[in-house]
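Below: one structure, written as structure tokens.
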Amino acid sequence: MVAPAPRRAGRGCRRRRQPRWPAVLRELRLRRGPRSAGAGGVMSTAVRPATLRDYPALCALFEELDEFHRLKRPDFFRRFDGPARTWEQVGQWLAGPGSTVLVAAEGAEDEADVIGLAVLLPRPPAPFAGAVPRKVVVIDNLVVRADRRDRGIGERLVAASMEWARGQGASHVELGVHAVNRHALRFYERLGFGVSVNWLSRAA
């Protein structure tokens with residue numbers, strides 16, 4: 001059963017009406033290998049747009065992602081109080097326009113377990129008049145739950161992200177990878193992404 005949205009202290013948050021999504025995302029069904037618990041058969045995994053009902057599961061995935069970043073880049077990331085992402089922030093992503101969160105949900109629809117996510121955001125046009133006009137969608141975050149990795153879920157989230165971006169009329173999909181995360185760099189290169197700009201940094 002989908003967990004209800006948690007009650008929040010302070011003022012309430014109105015639920016925004018969700019936009020209609022491309023049929024390809026509503027119908028995309030993905031398959032993985034046999035259940036590890038020995039139950040037999042195969043588990044169905046669907047990639048779909050997130051809703052605010054997914055908020056608790058999204059926060060759990062963001063917490064896992066944030067902990068990974070803190071371990072890899074303690075000079076960039078630190079612990080903080082409060083939820084991994086606020087209700088308002090997730091609501092803004094879902095409301096768009098030009099942004100969304102896609103989730104990989106495993107199991108029957110009424111009992112689906114969210115095991116991965118991708119946050120897609122628009123990149124503002126370059127202010128420089130000499131820049132070639134491009135409409136860019138950024139994969140701002142992509143994470144798969146630790147116990148579901150290496151099963152093709154990440155690849156399927158990327159494929160669904162590309163499909164969603166094309167539906168938005170995007171010419172390119174971009175993302176950033178920290179230099180220490182070589183596994184992620186190899187993952188995206190295998191899916192056709194290439195280095196566009198090398199950002200360098202040094203202490204002042």
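Multiplying the residue separation of Ala179 and Ser201 by 0.36 nm and subtracting their alpha-carbon distance yields 6.8 nm.
With the convex hull constructed from alpha-carbon coordinates only, the range 23-190 shows a mean projected area of 11.7 nm² over all directions.
None of the figures in this text is laboratory data; all of them are computed from the coordinates on show. Small disclaimer: the values here were computed from a predicted structure and weren't measured.
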